[in-house]
Amino acid sequence: MQSRSNRLLITFSLMTFAWGAGAQAETTPPTEQKPVLGLDSAIKLVQTARAYADAHHWPCAISVVDDGGWNLASARMDGAPVVAGSDLAQGKARTAALFKRPSDDLEKAVNGGRFAAVTAGLVMMKGGQPVTRNGQVIGGIGVSADTPAHDDEIALAALGALVD
């Protein structure tokens, strides 16, 4: 008989706990969702960068990463002049996403005497730009073409295709 009363007590306790947890879940305000860079937007960035580079006859490698620096979309155009361009583009995009600023800010820091920036393990070259939505960095785009100025120009043109 005692085991039956113990089972009833345990069942009552579990029901009370479940009811309390359910009530708490209903009164907790919903959390705001963090904006993310989706695959469709990443592909749009790559396509826009490619179209801009094509129009200017600047074949290049393009990479778009999420806010963790993970690749979402990449392309290497025919005739891209730098063999390592695909790796450089992804590194620039990753740097911009993780550092939350253009990749050449690190290059400027090193050139300005802040040599410790070299130890960050990021690509410190012009051509990487953060991708933002609602003022938050949600990813990065990196480009490797023929010159640093063209790299940056292509990346910035692609960003113009996204609405913040």
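Any read-out appearing in this document is the output of simple, stated calculations on the displayed coordinates, not a laboratory observation. Computed from a prediction, not measured in an experiment: that's the story for all the values here. Here Cβ is always computed from backbone atoms with ideal geometry, including for glycine, and neighbour counts include all displayed protein chains.
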Cross-link reach from Lys126 to lysines, straight Cα distance under 16 Å and at least 8 residues apart if same chain, gives Lys92, Lys100, Lys108
The farthest towards the positive end of the charge dipole of the stretch 18-160, of the residues Phe115, Met77, Phe99, given +1 on Cβ of Lys and Arg and -1 on Cβ of Asp and Glu, is Phe115
Note on the stretch 73-122: contact order normalised by length, alpha-carbon pairs under 8 Å, 6 or more apart, percent, works out to 26
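In nm², what is the average projected area of the convex hull enclosing the Cα atoms of the stretch 99-164?
One quarter of the hull surface, i.e. the mean projection, equals 4.6 nm².
Return the FRET efficiency for the residue pair His57, Asp105: r is the Cβ-Cβ distance, R0 is 35 Å, and the value is rounded to the nearest 0.05.
About 0.80, to the nearest 0.05.
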Given 103-113, 80-90, the highest-first ranking by average Cβ count within 10 Å works out to 80-90, 103-113
